[in-house]
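The values are calculated or read from the model by the stated rules, or taken from the named source; none is laboratory data. Owing to the predicted nature of the structure, the values given are computational and were not obtained by experimental measurement. Cβ: placed from backbone, ideal geometry, glycine included. Neighbour counts: every protein chain shown. To get the accessible areas, we keep the full protein, side chains included, count just its heavy atoms, and leave off ligands, DNA and RNA. Shrake-Rupley method; radii C 1.70, N 1.55, O 1.52, S 1.80 Å.
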Number of protein chains: 2
Amino acid sequence: MTTGVLIREIDAHEFVRVWPIFRSVIASGDTYSYAPDLSMEDACDIWTTPPSRCFVAERNSEVLGCYMLHPNQPGLGNHVANAGFMVAPGARGQGIASALCAHSLEQARRAGFTAMQFNFVVATNTVAVRLWQRHGFQIVGRIPGAFRHAQHGLTDVYVMHRFL
Amino acid sequence: MTTGVLIREIDAHEFVRVWPIFRSVIASGDTYSYAPDLSMEDACDIWTTPPSRCFVAERNSEVLGCYMLHPNQPGLGNHVANAGFMVAPGARGQGIASALCAHSLEQARRAGFTAMQFNFVVATNTVAVRLWQRHGFQIVGRIPGAFRHAQHGLTDVYVMHRFL
């Protein structure tokens, strides 16, 4: 499925390679709360400024997907990681999100996190919900109408969690 | 209960008056995830940098409590407000948190928010949980062990929500 995909960490200097995916994902307005017109500079800040860390999945030097890993809370909540994942529209259905998720769980464990939490899984994004469930996440909360979906309007959002 | 309490918005220049309350609340390590040794400068940034707004409850020019109001998410989630409340240890049991909460709900409505969400209500903080419930909030999620409580160790955290 994901043969030939290499996942590695990048810094701010390489974020320009992530940006085409990031831009297309937020432009669709159906999965992330980021403003659809967020600038590359702001996106780069959010995804690469420590403690946030950014990783890419590449095949033949082409970036096919990416994720951001960071503590979900500061201080007394910083044992719980948070992550966000994006896959290039043309690279879906190849197991890349699954490979990124598995990689993030391992990176989170290595960094000393003891759990991972997603705060904003859009309920209509059933492919993602099922994928996270296969990776051990449970729905632990449901926020009514927390997302203004480009097609569906006000849409519920799940909080998902797993221990590491 | 709260006669003589005036609630008003402040900017960063007055945050020094909030700081004694903020410091004592986070030092106890039983309600907020902020690092107990967070600096005043960082606290001020978090609570007063737009879009965050900071309000104080005063009586005879003494600050007895405070709250922060801001969007819980950027962009397509910014119709949901988030707020955090603190009351001076010596001023508890006087209805100040309740007055602050009512004020924040009205301010959130005026600012155009259509809901308010709390992401991190420590489950052992039963006084707060009951107070938010009296102000119309419901528990919509429970995150296991998301808070390292100074006395109780790993403690669950509630996500609470109400429409405005």
Taking B:GLN107, is it farther than 23 Å from A:GLY75 by Cα and either away from chain A (no Cβ under 14 Å) or not charged (D, E, K, R) (or both)? yes
If you go through segment B:88-101 one residue at a time, how many are touching a residue at least 60 places away in the same chain (Cβ under 8 Å), closer than 15 Å to B:HIS135 by Cβ and either in contact with a strand residue (DSSP E or B) (Cβ under 9 Å, 6 or more places away or on another chain) or within 14 Å of chain A (Cβ to nearest Cβ) (or both)? 3
Quick one: would you say B:GLN117 is within 25 Å of A:ASP156 (Cα to Cα), surrounded by 14 or more Cβ atoms within 10 Å (Cβ to Cβ) and within 14 Å of chain A (Cβ to nearest Cβ)? yes
On the basis of being of a type outside the set (Lys, Arg) and over 15 Å from the mean Cα position of the chain (by Cα), does B:PRO36 make the cut? yes
Selection from segment A:122-144 of residues within 12 Å of another protein chain (Cβ to nearest Cβ) and open to solvent by 10 Å² or more (accessible area, probe 1.4 Å) yields A:GLN138, A:ILE139, A:VAL140, A:ARG142, A:PRO144
Find the residue count for segment B:16-33, including only residues that are under 12 Å from the mean Cα position of the chain (by Cα) and open to solvent by 30 Å² or more (accessible area, probe 1.4 Å). 2
Out of (1) surrounded by fewer than 17 Cβ atoms within 10 Å (Cβ to Cβ); (2) closer than 19 Å to B:ARG134 by Cα; (3) not basic (Lys, Arg), the odd one out for B:ASP37 is which? (2)
Note on segment A:108-128: residues farther than 17 Å from A:PHE55 by Cα, assigned to a strand (DSSP E or B) and either without any contact (Cβ under 8 Å) to a residue 40 or more places away in the chain or among the aliphatic types (A, V, I, L, M) (or both) are A:ALA115, A:VAL121, A:VAL122
Please go through segment A:65-83 and pick out each residue that is touching a helix residue (DSSP H, G or I) at 6+ places or on another chain (Cβ under 8 Å), within 26 Å of B:GLY141 (Cβ to Cβ) and crowded, with 22+ Cβ neighbours inside 10 Å. A:TYR67, A:LEU69, A:ALA81, A:ALA83
Subset of segment A:155-164 [facing another protein chain (nearest Cβ under 8 Å) and either under 16 Å from B:GLN73 (Cβ atoms) or modelled with pLDDT under 95 (or both)]: A:VAL157, A:VAL159
Considering B:ALA146, B:ALA99, which residue is part of a helix (DSSP H, G or I), modelled with pLDDT of 95 or more and of a type in the set (A, V, I, L, M, F, W, C)? B:ALA99
Of everything in segment A:69-87, what is of a type in the set (A, V, I, L, M) and within 14 Å of another protein chain (Cβ to nearest Cβ)? Give them in sequence order. A:LEU76, A:VAL80, A:ALA81
Only one of (1) more than 15 Å from the chain's Cα centre (by Cα); (2) more than 14 Å from chain B (Cβ to nearest Cβ); (3) within 22 Å of A:VAL159 (Cβ to Cβ) does not apply to A:ASP11, and that is (3)
Please verify whether segment B:33-51 includes one or more residues that are within 17 Å of B:ALA102 (Cα to Cα) and at pLDDT 95 or above. no
Out of segment B:41-62, which residues are more than 15 Å from the chain's Cα centre (by Cα), open to solvent by less than 90 Å² (accessible area, probe 1.4 Å) and under 22 Å from B:ALA91 (Cα atoms)? B:GLU58, B:ARG59
Restricting to segment A:1-49, what's the tally of residues that are among the hydrophobic types (A, V, I, L, M, F, W, C), assigned to a loop (DSSP other than H, G, I, E, B) and touching a residue at least 60 places away in the same chain (Cβ under 8 Å)? 2
